[in-house]
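We did not get these values from a lab; they are worked out from the coordinates using the rules stated. These figures come from a predicted structure and were not determined experimentally. Note: ideal-geometry Cβ built from the backbone for every residue, glycine included; neighbour counts use all protein chains shown.
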Amino acid sequence: MPESSCYRITHRTEYRYSDPVAICQNQVMLTPRELPRVRCHRTDVQILPAPGQCRSHADYFGNPVHTFAIETAHRDLSVTVASDVEVQAPRYPEPDQTAVWEGVRDAVLSGQDPDWYAAEEYRYPSAMVAVGAQFADYAAASFTPGRPILSAGLDLTRRIHADFRYDVTATKVDTLAEASFRLRAGVCQDFAHIQIACLRSLGLPARYVSGYLRTIPPPGKPRLVGADQSHAWASLYGGSQLGWVDLDPTNACVVATDHVPISIGRDYRDVAPMRGVVLGGGSPALTVRVDVVPVASFG
Amino acid sequence: MSTTKTNATTPFADYRPMPGQYDECFGPDGWPRRAFVRLVDHINGLGRESLDTLVSEGLALVRESGITYNAIEEEGERTRPWELAFTPLVVHAEEWRVLEAGLAQRTRLLEAVLDDLLGPQRLLRERVIPPEVVLSSPEFLRPFHGLPKVGGVRLHVTATELARDATGQWQVIGDRTRAPSGLGYLVENRIITSRAYPELIHHSNVHRVAPFFMRLRQLFESLSPRLTPNPRVAILTPGQKSYRYFEDTFLARYLGYTLVQGRDLAVRGGRLNLKTLGGLVPIDVLWRHISDDQCDPLELAPDAIEGVTGLVQTARSGNVSIANGLGSKLAQTPALLPFLAAANRFLFGGELQLSTVETHWCGQPESLARVLSDLDRFVLRPAFAVRGDGLIRPLQMSAEARQELIGALRDRPQQYVAQAMTSRSTTPVWREGRMESWYVALRAFQIQTGQDVAVLPGGLVRVSPTPQGVENPHGSTQLGQDCWVISDGPVDQTSTLLPGEHVPLRFVRGGAELPSRVAENLFWLGRYSERAESIARVLRTTMLRLVGEQSVGDLPEMPRLIAALAAIGQIEPDYAVKELQGSLPSLDDALPASLYTIDQQRGLSPSVTALADKATAVRDRISLDAYRIVQQIAQELATPVRIRGRADTRSAINRLSRLITGLLAFSGIGQESFTRTLGWRFLQLGRRIERAWQTAEVLRATLVDPDERSVLEAVLEATDSLMTYRSRYLLRLEPDATIDLLVTDETNPRSIRFQLERIVEVLDPLPLEPDEVGTPYERRLAFELLHRVRMAQPATLAIAEPEQRRATLDHLLEVLTEGLPELSNAITARYLIHTLPSQSLTGQV
């Protein structure tokens, strides 16, 4: 595993409308937030047609948000975000050497964990992720009594990968964790929601991470431009020693330098990459192109 | 002052305070308390009969003022009149000062708690408040965290629900920090009660409520983000269907603010604007009466249609001042109640002066155990949201329901708050000739500025014969009551909101700042009032013939009048076809019954209902007299008079006459008491278009076939022109003179031409797009219709062709009956439909 990787990321969202849009008001969450092992060297947001108003602020969870309005009639809207991001490899101990999971849970609950408050928010059910016995029961097979937390977390990640079918037709962007859990199918968003629901149902803090995954072309084939995608995964709080550990149930792995996180929230709804209200527009057609290009450095 | 124990014949003679409670009026010794002495004397002095008269006159006043209360009931939404108990609750100022201090302290505490929760969250980090109470609450909406304060505070107007326990201590039941309702009713209660006891209120040193509203107005003006001498303050109401609507229209009028709904607003250029006929005008201060989660479809729920897209960002940038601050709802979370005393110690280092009724949040195991061990002593409420209908009473539950509740409490304890059953004080209420002892709920109000807290002297009192009856603020068994705080010495006599003479007056003319929605409502108000009058006249003309001496079969005008009624949509079109009439109910039954039926969509009863509805929608724009008249009109058709199961023709005629008188009074107000603003123009447009159209329909059904004298007479009668005709031509009834008077005469206010002349006049000054070239479509249409009528010759119109029809008249009327609705649509398209449908976009992962 390399110590760090550098990426030049381009994310282009285009709306093409059948009728003119009189006005649109939008929010995008597409620029990377700073994290202990993520550095953003440069980020640039280009909006066409140029908006009259564009303001940015950090949301409650610390993610950068850009709010803009286009007040002239238009038929197309494109938002292109280009970012240079450097990701450090995490240094995790051997999974069997990590703290016992019940101990992590109890220390947050009692407030003995010095960092409990940062994790507290993520213990509770949220808009798209309920908690309940069905999730706790499913998770119990991994979270056996006394098991080290990372070992148990990895086991749960692999089981979700094995037990749930990746199926882009099974769910929609607003499908709740309970529904995809029943269906035993979904996409990365659903897998992340299910894993978060399992962890929270055990009393463990877990959060939702949206970002990108570098695609590695088959041996001998060139990398396809624009074929990358947004991605999402879960993050588990492993106690003050371990901190947050990102786990990718879609790919059954610990997140390292192939993943680039952008935003963090309780579930998808907190970090939806683009929200908007448009006046008019008829039926819009949406295209999204993502490029995650590895570069040697940002010299 | 003499205080006598009441004697046997006086109203208070048989008053028996509810045992075991604190009675507001009488002490345990059976003597009136100090605050109530004058009132008891006064009412005893009035005697039973005068008191009855005073109450019934007062109730009539309530009904006439149209004070209503939209109570949301299970079968749908209904409006019922606000009901008032005519005995005020009286509190002595010395006692009030203690309560006032406690309320002010509590207001400052809630402000500090909210500011912490929307900021550093020290109360959660230090576990003064269990973090779960806030972080797991669906009411804690993250977009509101970190929004700037507005004028130094987040809670500008708050209310406190109070009950007085058996020892006489006031206790807090809950807080209202979102957008507390009740201030409008409170003012109405005060106005009506002071009319009932004019001398008493003057001599009792009752603290006025007007100064509170003056401070409120000063506060809102001070909040403006722009340095402007006249900041625009608007009240954002959830709309006509909401229980708040009556009150919001009242407050808008009382305070002189613009009443707006979400669809009247638009965020443009980063500022909040009101969409008016003349374009966008900026709003500086928004008094928000919609719920927090409804404020902005962009950042909150996509279906938040009561709000406006972009409002949260506008608040974040400080470009509009919203009161109460967005996110204020969090401070009224019932689950916070048990922790407020500790929060006060943590934040301010002292005790709360005003106690809270024993409350437990069941999310704590020890609290849950305590609640479960003594369940009957408590009522349960939802932990996170204030809901009038959310009250659960274990004491009144079946064993089965109780077990279910215990199961729910064990499963989801954090969802519940348990409050000890409230002990409430009682107070006298004069009801059906008896002085009864009813339970009291008091809602107190506070204004907070960056400097201080002002408590309204008094409050909104609800009384009910049962303690449960007052728990739900929307309950149907309760009455409102005025609350007097009285001093021994003189008090501030300000009782009006008119500015003093030292305030320089800026001359203004009402104008383009008319919200498009209001213009639309006024337009339809005009149309419906004219439609109702036109139908009522034709119907009356017809029914007068039904009850006349001659048999209906001998009257040549009857088939024509029936055809006219069918043409204007009052009766089944089949009545106009001779062959079908036999299969239909007889006219004697059908016509009177048609007054009350809603089967014919364009008929009288639906038109009158729509008229009342539109009047309600613009009640902040029309005078109280106009509103009252419309309510009386609607009342005429509310209940049919039936004799032996059949709607009665004679009483129907009387009602139609009263209806017509009412409609004339209403149009007189429109003419005489409505300034010639844009609003008036739309009212006129609606009225003139409808009258021209109705007249054209009636004439087409009656005059196209040549006629006998009696037909002409009936038509003149139905169009209110018979008197004018007679004054000109005496008893000679001729078709050409009749057609002239009703179609081409520019001086007859009932003629079609008169309507079209007015339409063209009224359309002319309406605003156009700045870069518009040429005559716009709706004006061309109006010119064209007017031109055709101007060019028509009455003599030609009256000519009957060989096949015995007036083809020229028929053609002209056809052009009018098609052109007038088209004109209405064209005006609507330009001025009244301001928004395209909006849609929400989401990206994808």
For B:TYR257, list long-range residues whose amide hydrogen, built 1.01 Å from N in the peptide plane, is under 5 Å from its own amide hydrogen.
none
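Can you tell me the order of A:41-49, B:259-267, B:275-283, B:397-405 when each peptide is scored by its average per-residue count of other Cβ atoms within 10 angstrom, highest first? Please report the intermediate quantities before stating the final value.
Values: A:41-49: 13.9, B:259-267: 22.8, B:275-283: 17.9, B:397-405: 11.8.
Packing order, densest peptide first, comes out as B:259-267, B:275-283, A:41-49, B:397-405.
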Hey, quick one: spin label on A:ILE216, modelled 7 Å out along Cα-Cβ, who in the range A:144-168 has an amide N within reach, i.e. under 19 Å?
A:158
In the range B:551-637, with Lys and Arg counted as +1 and Asp and Glu as -1 at Cβ, which of these residues, B:GLN635, B:ALA615, B:ALA567, has the Cα nearest the positive end of the dipole, that is, farthest along it?
B:ALA615
Using Cα positions and a limit of under 23 Å, work out the lysines in reach of B:LYS241, with same-chain residues fewer than 8 apart set aside.
B:LYS275, B:LYS329, B:LYS614
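Using helices alone, what [θ] at 222 nm do you get for chain B, with -39,500 (n - 2.57) per DSSP H run of 4 or more residues, divided over all residues and rounded to the nearest 500?
Helix-only estimate at 222 nm: -13000 deg cm²/dmol.
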Once both labels are modelled 7 Å past Cα along the beta-carbon direction, what's the B:THR449-B:THR828 spacing in nm?
4.8 nm
Roughly what angle does helix B:807-827 make with the longest principal axis of chain B, taking Cα atoms, 0 to 90 degrees, to the nearest 10?
20 degrees
Angle between chain B longest axis and helix B:183-196 axis [Cα atoms, degrees, rounded to 10]:
80 degrees
With +1 on each Lys and Arg Cβ and -1 on each Asp and Glu Cβ, how big is the dipole of the range B:358-421 about its Cα centre, in debye rounded to the nearest 20?
100 debye
Go ahead and run the numbers for FRET between B:THR775 and B:GLU221, Cβ-Cβ distance against an R0 of 45 Å, rounding to 0.05.
0.55
How large is ³J(HN,Hα) for each residue in the range A:202-215, as worked out from phi by the Karplus curve 6.51 cos²θ - 1.76 cosθ + 1.60 (θ = phi - 60°), to whole Hz, x for Gly and Pro?
8, x, 9, x, 8, 10, 9, 10, 10, x, 10, 10, 5, 9
Hey, fewest Cβ within 10 Å first, where do A:CYS198, A:CYS54 land in order?
A:CYS54, A:CYS198
Find how many whole Å separate the alpha carbon centroid of the range B:602-659 from the alpha carbon centroid of the range B:112-140.
54 Å
Distance (nanometres) between label positions extended 7 Å along Cα→Cβ at A:ARG75 and B:ALA401:
6.2 nm
Indicate the gyration tensor shape class of chain B (rounded, prolate or oblate), computed on the Cα atoms with a ≥ b ≥ c the square roots of the eigenvalues: a/c under 1.5 is rounded; otherwise a/b larger than b/c is prolate and the rest oblate.
prolate
Calculated from backbone phi, Karplus (6.51, -1.76, 1.60) coupling profile of the range B:440-446 in Hz, x at Gly/Pro
10, 10, 10, 10, 9, 10, 10
hull vol. (C-alpha, convex hull) per residue for the range A:196-297, Å³ -> 170 Å³
Could you state the angle between the C-alpha long axis of helix B:245-255 and the longest principal axis of the C-alpha atoms of chain B, as a value from 0 to 90 degrees rounded to the nearest 10?
80 degrees
Hey, if you put +1 on the Cβ of every Lys and Arg and -1 on every Asp and Glu Cβ in the range B:348-387, which of B:CYS362, B:PHE384, B:SER373 ends up farthest toward the positive end of that dipole?
B:PHE384
Quick test of the membrane-span-like rule: which DSSP H helices of chain A reach at least 20 Å along their long axis (C-alpha atoms) with mean Kyte hydropathy at least 0.0?
A:149-163
Yeah, chain A with a ≥ b ≥ c from its alpha-carbon gyration tensor (a/c under 1.5 is rounded, else prolate when a/b outruns b/c, oblate otherwise) is prolate
Within the range B:167-193: backbone nitrogen closer than 18 Å to the B:ARG97 label point (7 Å, Cα to C-beta)
B:170
So, R0 is 35 Å and r is the distance between the beta-carbons of A:SER18 and B:SER317; what FRET efficiency does that work out to, to 0.05?
0.60
Only counting other Cβ atoms within 10 Å, I'd like B:TYR245, A:TYR17, A:TYR122 sorted with the fewest neighbours first.
A:TYR17, B:TYR245, A:TYR122
From the Cα gyration tensor of the range B:679-727, with a ≥ b ≥ c the square roots of its eigenvalues, which class applies: rounded if a/c is under 1.5, or else prolate if a/b is larger than b/c, or else oblate?
oblate
Quick query: amide H of A:LYS172 versus all other amide H atoms, modeled in the peptide plane; which residues come in under 5 Å with a sequence gap of 5 or more or a different chain?
none
Calculate the mean, over all residues of peptide A:276-286, of how many other protein chain Cβ atoms lie within 10 angstrom of the residue's Cβ.
5
Quotient of Cα radius of gyration and Kirkwood radius for the protein assembly as shown, i.e. Rg/Rh, equals 1.03
Summing -39500 (n - 2.57) over every DSSP H run of at least 4 residues in chain A and dividing by its residue count gives a helix-only mean residue ellipticity at 222 nm, to the nearest 500 deg cm²/dmol, of -6000 deg cm²/dmol
Length gain on complete extension for the stretch B:ASP625 to B:SER56, per 0.36 nm per residue less the alpha carbon to alpha carbon distance?
202.8 nm
Taking 7 Å along the Cα-to-C-beta vector as the label spot, tell me the A:ALA140-B:ARG644 distance in nanometres, rounded to one decimal.
7.9 nm
Given charges of +1 on the Cβ of Lys and Arg and -1 on the Cβ of Asp and Glu, with all other atoms neutral, how large is the dipole of the range A:165-234 about its Cα centre, in debye to the nearest 20?
180 debye
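Using 0.36 nm per residue, how much length does the chain from B:ALA800 to B:GLN169 gain when fully extended, once their Cα-Cα distance is taken away?
Result: 218.3 nm gained on full extension.
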Counting sequence-distant residues (5 or more places) and residues on other chains, those with an amide H built under 5 Å from that of A:SER4 are A:ALA89
Assign unit charges at the C-beta atoms only (+1 for Lys and Arg, -1 for Asp and Glu), then state the dipole size of the range A:91-271 relative to its Cα centre in Debye, rounded to the nearest 20.
480 debye
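What list do you get for B:SER181, B:SER328 if you sort them by fewest beta carbons within 10 Å?
Working: B:SER181 21, B:SER328 27.
Fewest-to-most ranking of B:SER181, B:SER328: B:SER181, B:SER328.
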Charge-dipole axis of the range A:185-299 as Lys and Arg at +1 and Asp and Glu at -1 on Cβ define it, positive-most pick from A:PRO218, A:VAL278, A:THR250
A:VAL278
Short version: ³J(HN,Hα) in whole Hz for each residue of the range B:563-575, in order, from phi by Karplus 6.51 cos²θ - 1.76 cosθ + 1.60 (θ = phi - 60°), x for Gly and Pro, what are they?
4, 5, 4, 5, 5, 8, x, 8, 10, 3, x, 4, 4
